[in-house]
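The following block contains the structure, expressed as structure tokens.
The values are calculated or read from the model by the stated rules, or taken from the named source; none is laboratory data. Only a predicted model underlies this, so the values are computations on that prediction, with no experimental measurement involved. Reconstructed Cβ throughout: ideal geometry from the backbone, glycine too, with neighbour counts over all protein chains shown. Ligands, DNA and RNA are stripped out before the accessible areas are found, and what is left, the full protein with its side chains, is counted by its heavy atoms. Shrake-Rupley method; radii C 1.70, N 1.55, O 1.52, S 1.80 Å.
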Amino acid sequence: MPLSRRPVAAAVVFLLALGVPALATAPALALPARPAAVSRLAPAAPVPTPAPVPDPTPTPASAPATVTVTGEGSASAPPDVAVVEAGVETSAKTSQSALDAQNQAAAALLAAVRAQGVAERDIHTRSVTLTPLHDHTDGASRLTGYQAAQFFTVRVREVARTGAVLQAVTDAAGDAARIDSVVFDVSDPAPLQARAREAAHADARAKAEQYARLSGRRLGPLVSLSEDASTYPRPVSPAGETSGAGIGAVPVAPGEIRAGATVTAVYELD
């Protein structure tokens, strides 16, 4: 057991006081040195490797092969209505005389059209005009009279009677009769346009199937479809004989009404 420094020093002083010299030269007791603290570090714990954080951005898949085609289609139908633009036009020295003559001719025209079975809802006045007439001989303008006119839009729903209606107009109004135009049409164009779109869609799919077959692939689902153009039903000139001709009737040719559509389709190829 090691001795404390303080009791040993006190014992030496006491012996010197008693006259004991031998003890004065006694070697000092060596005190054992306090052992140095040894630092023993525990081995460091292994640091766990963080798990990789998945990338939230998905890796884009390769784009599928596609085929783009254009389809065209049309549909035709016989017209079921004729739109007649007809009227009367008269001239006289005075404005009142010109207007009176126009009124008389217009009344005769309307009576003739009604007699052909045209309903009141299918007759309406398009314009009424009264204009002065001038002579510009030798650079001078001289009033010579007045011209009065009235024009009507007449819808003939029995196409076969169109020629008879035209003849009745000219017979009733005489030299004052005027016919601007005759246009054949369909009263409801929506079904005709729908048939044209169906034909355009079928044409586009048939082309896509052919290209898929030629490429050794199968036709996949439809990716997109857009309508490029849609042709409003319009008259088509007939290729055959003129129809509607007859005794006492103006010959007319109704022909047929045709609508068209064009679409662009994109299909996947499996």
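Would you check which residues across the range 74-131 are over 29 Å from Ala160 (Cβ atoms) and acidic (Asp, Glu) and list them?
First, the residues of the range 74-131 that are over 29 Å from Ala160 (Cβ atoms): 90-104, 128-131.
The answer is Asp100, and nothing else.
A further question follows. How many residues does the range 119-144 contain that are more than 21 Å from Ser97 (Cβ to Cβ), touching a residue at least 40 places away in the same chain (Cβ under 8 Å) and either assigned to a helix (DSSP H, G or I) or out of contact with any Asp or Glu (no Cβ under 9 Å at 6 or more places or on another chain) (or both)?
Final tally of qualifying residues: 0.
Right, another one. May I ask you to list the residues in the range 221-235 that are of a type in the set (Gly, Ala, Ser) and out of contact with any helix residue (DSSP H, G or I) (no Cβ under 9 Å at 6 or more places or on another chain)?
Ser224, Ser226, Ala229
Quick one: count up the residues across the range 112-164 that are hydrophobic (A, V, I, L, M, F, W, C) and open to solvent by 60 Å² or more (accessible area, probe 1.4 Å).
Counting residues in the range 112-164 that are hydrophobic (A, V, I, L, M, F, W, C) and open to solvent by 60 Å² or more (accessible area, probe 1.4 Å) gives 5.
Right, another one. Go through the range 58-94 residue by residue and tally those that are loosely packed, with under 13 Cβ neighbours inside 10 Å and under 27 Å from Val182 (Cα atoms).
Count: 1.
For the subset of the range 224-247 comprising residues that are open to solvent by less than 80 Å² (accessible area, probe 1.4 Å) and among the hydrophobic types (A, V, I, L, M, F, W, C), which member is modelled with the highest pLDDT? Show your work before the answer.
Going through the range 224-247, the residues open to solvent by less than 80 Å² (accessible area, probe 1.4 Å) turn out to be 224, 226, 229-231, 233, 235-236, 238, 240, 243-246.
Subsequent filtering for residues that are among the hydrophobic types (A, V, I, L, M, F, W, C) retains 229, 236, 245.
Values: Ala229: 81, Val236: 67, Ala245: 40.
That would be Ala229.
Right, next: Within the range 95-105, identify whether any single residue is assigned to a strand (DSSP E or B) and either surrounded by fewer than 17 Cβ atoms within 10 Å (Cβ to Cβ) or not aliphatic (A, V, I, L, M) (or both), and answer yes or no.
No: the range 95-105 contains no residue that is assigned to a strand (DSSP E or B) and either surrounded by fewer than 17 Cβ atoms within 10 Å (Cβ to Cβ) or not aliphatic (A, V, I, L, M) (or both).
Sticking with this one: Please enumerate the residues belonging to the range 145-163 that are within 46 Å of the chain's Cα centre (by Cα) and within 12 Å of Ala98 (Cα to Cα).
If we filter the range 145-163 for residues that are within 46 Å of the chain's Cα centre (by Cα), which is where we start, we get 149-163.
Result: Ala149, Gln150.
Please pick out the residue among Val250, Val263 that is modelled with pLDDT of 95 or more, more than 14 Å from Ser76 (Cα to Cα) and among the aliphatic types (A, V, I, L, M).
Matching residue, one of Val250, Val263: Val263.
Within the range 200-219, which residues are open to solvent by less than 70 Å² (accessible area, probe 1.4 Å), within 27 Å of the chain's Cα centre (by Cα) and either small (Gly, Ala, Ser) or under 16 Å from Glu268 (Cβ atoms) (or both)?
Ala200, Ala202, Ala204, Ala206, Ala208, Leu219
Just give me the residues in the range 165-193 being in a helix (DSSP H, G or I), open to solvent by 40 Å² or more (accessible area, probe 1.4 Å) and under 25 Å from Thr231 (Cα atoms), in sequence order.
Ala190, Pro191
Yes or no, residue by residue, for (1) closer than 24 Å to Arg258 by Cβ; (2) in contact with a strand residue (DSSP E or B) (Cβ under 7 Å, 6 or more places away or on another chain); (3) acidic (Asp, Glu):
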| residue | (1), (2), (3) |
| --- | --- |
| Ala111 | no, no, no |
| Thr131 | no, yes, no |
| Tyr146 | no, yes, no |
| Ala164 | no, yes, no |
| Ala206 | yes, no, no |
